[in-house]
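Taking it in order: structure first as structure tokens, then the write-up.
Laboratory data are not the source of any read-out in this text; all were calculated from the coordinates shown. Model, not experiment: these values are computed from the prediction. Quick reminder, even Gly has a Cβ in these numbers, built from the backbone with ideal geometry, and neighbours come from all protein chains shown.
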């Protein structure tokens, strides 16, 4: 089976391992190249990425043992009162987009986050990235605001929509 002919049911969600980093970085770089996924202009090295993301809830999507997507959480604050709030990162390889990989990853990330005790997930998405907005909304996220001119990308000011998902399980006691 070629890398471009898999169906959504061929996707396996797995825990990200350090040896997945080259594939994760390549997929991140594909997202950077679109100009619609992040304000970053280059992927970090493994140590920077590892330090910026929580040790829990790091997932990859595999198709025929190839990493075709990844999702992870970053802390939103170092303050203990925000320990149950995290920011979502999710990226899908260019050749795997539109095949349900993102939905499977984000659904699994939500489930993993609730198992780990997170009550709020948030995401910052460019308004022009309608596919990502639809994906997040399909997984229970809602738009809570717009951060205008929050950062510059290649000399152009960009707005970012702030989306959040409140757990229906964690934090309801």
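So how much slack lies between residue 50 and residue 82, counting 0.36 nm per residue of separation and subtracting their Cα-Cα distance, in nm?
9.5 nm
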Next item on the list: Please report 70, 21, 157 as a ranked list, fewest other C-beta atoms within 10 angstrom at the top and most at the bottom.
Entry: 157, 21, 70
Check: With springs only between Cα atoms under 10 Å, which of 20, 159, 65 fluctuates most in a Gaussian network model of the chain?
Finding: 65
Check: Given only helices, namely DSSP H runs of n ≥ 4 each adding -39500 (n - 2.57), what is the per-residue ellipticity at 222 nm of the chain, to the nearest 500 deg cm²/dmol?
Finding: -8000 deg cm²/dmol
Notebook entry, point to check: Ranked by Cβ crowding within 10 angstrom, fewest neighbours first, how are 139, 57, 80 ordered?
Noted result: 80, 139, 57
Notebook entry, point to check: Top mean-square fluctuation among 48, 94, 30, Gaussian network model of the chain, C-alpha springs under 10 Å?
Noted result: 48
Next item on the list: Within region 65-93, find all residues whose amide N lies under 15 Å from a label point positioned 7 Å from the Cα of residue 14 along Cα-to-beta-carbon.
Entry: 65-71
Checklist line | Entry for Rg and Dmax of the Cα atoms in Å (calculated from the structure that is shown) out of (i) 17.0, 50; (ii) 15.6, 48; (iii) 22.1, 73 | finding: (ii)
Check: Among 136, 95, what is the fewest-to-most ranking by other Cβ atoms within 10 Å?
Finding: 95, 136
